[in-house]
Structures are given as C-alpha cells and as structure tokens.
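K.L.:
Before I ask anything, let me first share the structure, which is written out below as structure tokens.
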Amino acid sequence: MTFDFEKNAAPQSVRITLPVEGMTCASCSARIERQLVKLDGVASASVNLAGETADVSFDPAKLDPAAIKSAIVAAGYSVPERTIELAIEGMTCASCVARVEKAIGQVAGVSAVTVNLGSERAHVTYDAAPLADLVRAVERAGYGASVIEDAQSLGQADDEKVARRLHRDLLNFSAATVLTLPLWVEMVGHLAGFMWMIPAWVQLLLATLVQFGAGARFYGPAYRAVRAGSGNMDLLVVLGTVSAWSLSAWRVAAGLEGYLYFEASATVITLILLGRFLESRAKRGTTGAIRALMKLRPETAQVLSIDGTEVEIPAAQVKVGDVVVIRPGERVAVDGEVIFGETTMDESLLTGESLPVLKRMGDNVTGGAINADGLIRVRATRVGAQSTLAGIIKLIQNAQASKAPVQKLVDKISAIFVPVVVVIALATWGGWWLAGAGWEVGLINAVTVLVIACPCALGLATPTAIMVGTGVAAKHGILIKDAEALENAHAIDTVVFDKTGTLTQGKPQVQAVVAKDFDVDAMLSFAASAQQGSEHPLARAMLNAAQERTLALTPLESFTAHAGRGIEAQAGGKRIVVGRPVLTGPCTDAELQGKADGFEAQGLTVMWVAVDARVLGFIAAGDAPRTGSANAVSALKRLGIRTVMLTGDNASAARVVASGLGIDEVIAEVLPGDKADKVRSLQSAGRVVAMVGDGVNDAPALAQANVGIAMGSGADVAMHTASITLMRSEPALVADAISVSSASLRKIRQNLFWAFFYNVVALPLAAAGMLTPAIAGAAMAFSSVSVVSNSLLLKRWKSGALK
C-alpha cells in the first residue's frame, strides 16, 4: 500500500508543518493561530500545544514560509531550526557541489547547507522551508534530489532533545527545592508552635535565587505574551510570584515588621517547576507509539552486490531494486518482494496481528517486521519516505497534529481566559482592601487567584487524548488520519459493508460451468479470453479455472468494461459478452434459468456468457466469507450498531451471504457509481454512517460517509479517500476503531470536565481567601499533570478483534 499525506486544503495551497518552541498553555496556541490566520494567503492554521507544532496551509503565490515563521516569532515564540539530508544525483566535480549549495542556499528559510561529493549527500539546516522547495531547487540546478528519511535517527534525535529538556527541568526543580527547603522548615515550625525565624535578609536571598534563578524560564514567555498583547500561564505565574516577592522584599528593605511571604513565592515556583517536569514526562508518553515505530527499522542492511557477495550498508542507502538478505531474527530493512526462501514474519508492531505470517516467493514483506525462522532474499520495492513504515509514521504524526472539532470551543475560551483571570485578581485585591482587610491581605489573595488559574489543563485536555488515542489505535493496526475522524467515529450508528473483499476474502472460485447445447470448456475458454483485460476478482476466478483445466486462450482484440454489469470483448473474431442478462441478453431456456436461480439461492454469483449475441450458458462463482466477518457483525450489534451490506451482486446471492453473517439489511444490485447515493440516502434518514470498503469503486461512498474505513489490502485510492485505514484485512477491527474512538472521546470529555470544574471551583475559593498561594501552586501543578495522566490511561485500551 502507499500513502498520500500532503492533502491540500485548497486547490492551490501548500501545507507546511513547523515546530514551535515556547508554548506553555492553550492561550499560547490560540494566539499563534490568530496571528497566522490574519496573514493574507493562509487557508488554515492548526497549532498543537501537546505536539508543539503549527500546521499551516497557504497560497504560495501570496505568502512564503519565511513570512509564516516571522508571524510566529512576532507572536513571541520561536521556530527552531531542523536538519535534513538529501541524496543528490548527477554531481561529478567540485563545481557541481558549489552549484547545488548555491541553489539550496537561495531557498527562503535555509540557514546552512553542506554538500559532500563523495557521499552525494546534502546536509541542510533550515526552519520554514518546505522540503519540496529544497528538492525543486536542486532539480532546477540540473541535478536530482530526494529526501533521505531515517526514521530511527529522527527518533533518536527527538528522544535526546526530550531527555535534555527533562534533565534541565529536573535540575531547575532540584535547585528550587534545595533553596526553598529552609523556608518550608520555618513555615512548618510556625505551624507546630516554634517561633524560630530565619533572618529576613537570608529569606530574601533564598527567595530571590528561586524567583529569578530557578524561575527564570517563566519570564521570557511572559514578556513575549505582554509584547504581543495577550497572556499565558507564565504571565499569571510571574504576576503572582513577583507580587508576593516584591511585597516581602519591600518590607525587608523598609525594615518593617510583620509576616513575609517569601515562602509563598518560592513554594509556588518550586511546585510549578515540579508540575512542568511531571507534565513533560507524561507528554512524552503520548508519543510512545511513534517512537516505537521509528525504532523498528534496522540501522544497516545486507545487500547483494553484482558479484553475489553480501555488503553491509546503511539501511537509508538501500535503493529500489536492491536485493536484501534477511536472516532469522533480523528486522526487515525495506518494503519488498520475496525472491528466494520461505519464512514467517512477526508484523505485530505494524499491523497488530499477533500471529506470525507465512511469507513465500512472490509475497510482499514490510520494513520493520521481524524475520522469524527462515533465510530469505527480498527485492526492495519501496524505500525511504515511500515505505509503508514511513507512511504510517507520517499518518500518525498528521493525525496527532490535527484538531478535533470540540477543540474550537476550548480555543475560544482559552483566548479570553488569562485576561479574565487578571480582572478577577484585581477585583479580589480591591474587594478585600475595600472590605477593610488591608491591601496586603488583598494582594496575597489576588496572588492566589493568579497562581491557581490553569489554562494549561484546558489546552492539554484534547490534544493529549488524541495523541494517545491515535497511537494506541495504530499499535492495534488501525490508522486514523485526523482528529475529526477519531471524534466522529464514536457517533456511528450504521456500518455499511462492501461485500467482495471486505466481508468476503475477495478471492472467488468458479464452482460450476453450465451450458446448453455447447461444450462447457469451450464456453469457459471464451469467457476467460474476454476477461484477460479485467482486474476484477471474478475475472481472476475465470482465468484461474481456465488455467486449471489447461484451456487455451485467444488473444484480445478489444475490451470494454461496463461497471456493475459485465464486460464486452472481441477475441478470435468473435464478440464475447460476460455479465448480467441486461448486458448479455436474457436467457430464454427455462431449464438453464432454473439452474442459475438454484446457484444464486446458494449464495453464488452467476455470470452469463454470450458469444455473437447467443447466450451459451453461465458460470457460477463463490467467494467465502472471511473467518472474522460473523464475529465483526456480532461485535457491532453488541455496540447497538445497525449493519448493512452494499453490493453489486444479485439480491438472492447477497441475502444468503448476509443471512449467514447476521447482517441486518441488504442493498443489492447497486452499480458502482450509485454506492455513494445509497450512503447519502441512509444519511438523509438520520443515520450516522461508516462505509467499509476496499476497492476503487468504493472510493466515492467512502468519501460520502461520515467516516470512511478502508481495508489495508485494498486499492490505494480507497485508502487515500478513507479517514480510517485497517492495516490488516480483519473486519472485526471496525468495531475496534469505533471502540477506541469512544474511549478517546470519553477521555476528552473527562479532561475538559476536570479542567473546567477545577477552574470554576478553584478561582472562587482563591478569591474568597480560603487558600494560600502555596496550596494554589500545588493545585495548579496537579491540574495539568492529572489531565495528561488521565489521557495516558488510554494505553490500557485493549482490542477485541481477537476475542
């Protein structure tokens, strides 16, 4: 199978995904989105807080990536540089190197480029340049270029980056803890009745180191938010802690007696640093599925050279057509076709299939699978970015970067959240002051309001659940293309199945050849000759039957396919028609028609054969149901979902198959072009429809359905059209897709409820003076961590496909 990911939002739009650093809460992502959509030429912009990416579709005639980057930077954030390697073809000397370097260096967004003639590689450092622009620049210079996709290296780089961030967060938290510990000891001592007190200047020193040392990470994002005329979580933290620290520092400087609030400001920063550390660790768990996939491909591959010897080369350098040797226990380096040997493959991490899969000569293998027990040779058919593994990774990344419809409401709330909290804090300060409690009491309660508010929980509620949900689905062989499909699938109440290749194995076999006053082998030879121009499963069944009987076939002179009705061909000077009576002409022999009706009553498909306008007889073929089809239908019924079979087969044969599987409704004798209309009719009746198919003729219906589900063994166009792809041809995965969607939506709702409930309850308590700043800091840190941790519980979801 192949994948197409750069699906343009508009006919002439280009899509680019940029990494964004500096976001801390939902207000940040909302602010960046607002800045981006203001740009003339931007069709859509989606910023993912959990994934730290900005996905932008824009018109290249009006806008370039550098302007998009500038808008993000102007909003107060940064777009970090990335590196990539290109394989360059056609270089012969140093002047070629200079020309390629110049061509790439002129692309907007490229900061550095190094080209190596010996390795024929270009190492490019860039930020906002689309990869396609880099490739086109090289091609315009007269050379060839392709992106080298090294999933494992990318995964290691990401892991190292996250590890460094976690280490930095841990050091900050540890330093803050050590400095705040004496202040905690004093506070606990006071609560226990000991009036011991640290000298004021020591408290000032300790709190200052925490405030402006360990807490330095909060000031940059807060300043950028103010400069951009907005607010974020860091701004609330800075306002609250600086207020408490300033009040205490003023008291010390003025030599005033009374309570100091250094332990409050230091404690808040320390607890929030702890929360950020735990949150980062938890967020890393949401991308576990991608990291696991990135590590599947081995670093090296054993490739046969021209003289037949084995040469070990980096897996990224394997080219299409190379023969790769794979020994027992090794991982497959590339997608390819087995040309020697026989073995079984463990594809569990790719498809979710727990049982080893037998691979013989002519079978396809997928990069990342484990060779269990046999030595095989594989001819590479897809490498790098075109491989199935790279496609799966890209699909999951796109899904995790997308936004669910429910997130739009959250974004609107987040956009006004911080200003509202600041207003509440000011009102709290003024209210307590006017009530006679004093401005200092009012200030501390206002600090508590600022600290306890948590837009982070709102911002993380949806994306973290989507990231874990799509990841766990992929682990079980269900590829979900976007968050909208994940959210919509839970509402499905009707599943429409295509029959051939979806509920059945898609490998029909000829069961009977019946003719009246004509030789059956000769009639089968005519039919098979005509079917040489067709790729339909029934055509293959006739060709296989003719081959088994060693019948000679006549070369085709012309061929015409009539969708849903049959085929018409010219062979050996004769006009041959195979298909339904509407195309071949009606059968006038009652005995022959009676036999055909009998086969249809058994669930077989009857194809009539006419030569030179004379109906000779018919061929009956049957396609056995997949072993899991009946269980799949039962699983859907347990979920309260109605099942429908949509097929071009005759009604009698379709009803027999449907009855055996427990299908609720049969819509038969439907032409391929009418399938989408049938789905539309169900939707008009108020049904939320999922369409499950595998063929080219299913694509319109897949697009029309609320959720399109394609079988992984089917046509590429079906998988490109569908919003969900099943990596293995197991109908029971349909119920699993709906189940994981429902589980993900439950987590989203739980997270949003907690985030809203927390803020609705916490803010009034803080304003009423019932909480201290330290307690507020602990509560705020716990709120964000709890949302991410709740999303991670999705990893416990189990597939029911094999139950």
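The values are calculated or read from the model by the stated rules, or taken from the named source; none is laboratory data. Please read all numbers here as calculations on a predicted model, not as lab measurements. Here the Cβ is made from the backbone with ideal geometry for all residues, glycine too, and neighbour counts use every protein chain on show. Surface accessibility is based on the protein's heavy atoms, side chains included, excluding ligands, DNA and RNA. Shrake-Rupley method; radii C 1.70, N 1.55, O 1.52, S 1.80 Å.
K.L.:
Answer yes or no as to whether V56 is in contact with a strand residue (DSSP E or B) (Cβ under 8 Å, 6 or more places away or on another chain), at pLDDT below 80 and buried (at least 21 other Cβ atoms within 10 Å of the Cβ).
P.N.:
Against the criterion (in contact with a strand residue (DSSP E or B) (Cβ under 8 Å, 6 or more places away or on another chain), at pLDDT below 80 and buried (at least 21 other Cβ atoms within 10 Å of the Cβ)), V56 does not qualify.
K.L.:
Looking only at residues in segment 427-444 that are of a type in the set (A, V, I, L, M, F, W, C) and closer than 18 Å to L247 by Cα, which one is most open to solvent (accessible area, probe 1.4 Å)?
P.N.:
Of segment 427-444, the ones of a type in the set (A, V, I, L, M, F, W, C) are 427, 429, 432-435, 437, 439, 441, 443-444.
Now restrict to residues that are closer than 18 Å to L247 by Cα: 429, 432-433, 437, 439, 441, 443-444.
On the way: W429: 78, W432: 75, W433: 137, A437: 43, W439: 87, V441: 58, L443: 19, I444: 17 Å².
Looking at residues that are of a type in the set (A, V, I, L, M, F, W, C) and closer than 18 Å to L247 by Cα, I get W433.
K.L.:
Additional query: Can you report the number of residues in segment 12-36 which are open to solvent by 10 Å² or more (accessible area, probe 1.4 Å) and touching a Cys at 6+ places or on another chain (Cβ under 8 Å)?
P.N.:
Residues in segment 12-36 being open to solvent by 10 Å² or more (accessible area, probe 1.4 Å) and touching a Cys at 6+ places or on another chain (Cβ under 8 Å): 2 in total.
K.L.:
Among helices (runs of 4 or more DSSP H) lying entirely in segment 674-784, which contain 1 or more residues that are touching a Ser or Thr at 6+ places or on another chain (Cβ under 6 Å) and free of Cβ contacts under 8 Å to residues at least 40 places away in the same chain?
P.N.:
699-704
K.L.:
Here's something else I'd like to know. For A539, state whether it is touching a Leu at 6+ places or on another chain (Cβ under 7 Å) and either at pLDDT below 90 or not polar (S, T, N, Q) (or both).
P.N.:
no
K.L.:
Kindly check whether there is at least one residue in segment 505-513 that is under 23 Å from A732 (Cβ atoms) and in contact with a strand residue (DSSP E or B) (Cβ under 6 Å, 6 or more places away or on another chain).
P.N.:
yes
K.L.:
How many of the residues in segment 731-770 are among the charged types (D, E, K, R) and within 22 Å of I393 (Cβ to Cβ)?
P.N.:
Taking segment 731-770 as the starting set, the residues that turn out to be among the charged types (D, E, K, R) are 736, 746-747, 749.
In the following step, the residues that additionally are within 22 Å of I393 (Cβ to Cβ) were identified as 736.
Counting residues in segment 731-770 that are among the charged types (D, E, K, R) and within 22 Å of I393 (Cβ to Cβ) gives 1.
K.L.:
Among the residues of segment 164-187, which ones are among the aliphatic types (A, V, I, L, M) and either open to solvent by less than 50 Å² (accessible area, probe 1.4 Å) or touching a residue at least 24 places away in the same chain (Cβ under 8 Å) (or both)? Lay out the reasoning, then the answer.
P.N.:
Restricting attention to segment 164-187, the residues satisfying the condition of being among the aliphatic types (A, V, I, L, M) are 166, 170-171, 175-176, 178-179, 181, 183, 185, 187.
Those that are among the aliphatic types (A, V, I, L, M) and either open to solvent by less than 50 Å² (accessible area, probe 1.4 Å) or touching a residue at least 24 places away in the same chain (Cβ under 8 Å) (or both): L166, L170, A175, A176, L179, L183, M187.
K.L.:
Going residue by residue through segment 95-102, is there one that turns out to be under 18 Å from V14 (Cβ atoms), more than 28 Å from the chain's Cα centre (by Cα) and modelled with pLDDT of 75 or more?
P.N.:
Checked against the condition, which is being under 18 Å from V14 (Cβ atoms), more than 28 Å from the chain's Cα centre (by Cα) and modelled with pLDDT of 75 or more, segment 95-102 yields no hits at all.
K.L.:
Kindly evaluate I748 against the criterion of being within 18 Å of V689 (Cα to Cα) and either open to solvent by less than 40 Å² (accessible area, probe 1.4 Å) or modelled with pLDDT under 90 (or both).
P.N.:
No.
K.L.:
If I go through segment 785-803 residue by residue, how many of them are open to solvent by 70 Å² or more (accessible area, probe 1.4 Å) and in contact with a Ser or Thr (Cβ under 7 Å, 6 or more places away or on another chain)?
P.N.:
Residues that pass the stated criteria total 1.
K.L.:
Quick one: F756 ticks every box in (1) under 19 Å from the mean Cα position of the chain (by Cα); (2) within 30 Å of V268 (Cα to Cα); (3) surrounded by fewer than 16 Cβ atoms within 10 Å (Cβ to Cβ) bar one, so which box is it?
P.N.:
Only one criterion in (1) under 19 Å from the mean Cα position of the chain (by Cα); (2) within 30 Å of V268 (Cα to Cα); (3) surrounded by fewer than 16 Cβ atoms within 10 Å (Cβ to Cβ) is unmet by F756, namely (1).
K.L.:
Based on what the data block shows, is M719 hydrophobic (A, V, I, L, M, F, W, C) and modelled with pLDDT under 80?
P.N.:
In short, yes.
K.L.:
Name the residues in segment 629-669 that are hydrophobic (A, V, I, L, M, F, W, C), assigned to a helix (DSSP H, G or I) and free of Cβ contacts under 8 Å to residues at least 24 places away in the same chain, would you?
P.N.:
A651, A658
K.L.:
Which of the strands (runs of 3 or more DSSP E) contained wholly in segment 12-109 include at least 2 residues that are under 30 Å from K319 (Cβ atoms)?
P.N.:
Details: elements: 14-19, 42-48, 53-58, 82-89.
Here the list reads 14-19, 82-89.
K.L.:
Which members of segment 487-524 meet the condition of being of a type in the set (A, V, I, L, M) and touching a Gly at 6+ places or on another chain (Cβ under 6 Å)?
P.N.:
V514, A515, M523
K.L.:
How many residues are open to solvent by less than 40 Å² (accessible area, probe 1.4 Å), not in a helix (DSSP H, G or I) and not charged (D, E, K, R) if we restrict to segment 477-509?
P.N.:
Qualifying residue count, segment 477-509: 12.
K.L.:
Check whether at least one residue in segment 607-617 is of a type in the set (D, E) and touching a residue at least 60 places away in the same chain (Cβ under 8 Å), and report yes or no.
P.N.:
Looking through segment 607-617, none of the residues is of a type in the set (D, E) and touching a residue at least 60 places away in the same chain (Cβ under 8 Å).
K.L.:
Test each condition in (1) charged (D, E, K, R); (2) at pLDDT below 85; (3) closer than 23 Å to M467 by Cα for E85 and report the one that comes out false.
P.N.:
(3)
K.L.:
If P764 passes every condition in (1) buried (at least 22 other Cβ atoms within 10 Å of the Cβ); (2) over 30 Å from D674 (Cβ atoms) but one, which one does it miss?
P.N.:
Going through the list (1) buried (at least 22 other Cβ atoms within 10 Å of the Cβ); (2) over 30 Å from D674 (Cβ atoms), P764 breaks only (1).
K.L.:
Between a first residue in segment 103-116 that is free of Cβ contacts under 8 Å to residues at least 12 places away in the same chain and a second residue that is open to solvent by less than 50 Å² (accessible area, probe 1.4 Å) and assigned to a strand (DSSP E or B), which pairs have beta carbons less than 7 Å apart while being 6 or more apart in sequence or on different chains?
P.N.:
That search, which allows pairs on different chains as well, returns G105/V113.
K.L.:
Please return the ranges of strands (runs of 3 or more DSSP E) entirely within segment 307-379 where 1 or more residues are open to solvent by less than 20 Å² (accessible area, probe 1.4 Å) and modelled with pLDDT of 85 or more. Before you say what the answer is, go through the steps one by one.
P.N.:
Working: elements: 310-314, 323-326, 335-340, 343-346, 357-359.
Those strands (runs of 3 or more DSSP E) span 323-326, 335-340, 343-346.
K.L.:
Within segment 65-78, take every residue that is surrounded by fewer than 22 Cβ atoms within 10 Å (Cβ to Cβ) and touching a residue at least 60 places away in the same chain (Cβ under 8 Å) and give me the one that is farthest from L460 (Cα to Cα).
P.N.:
A66
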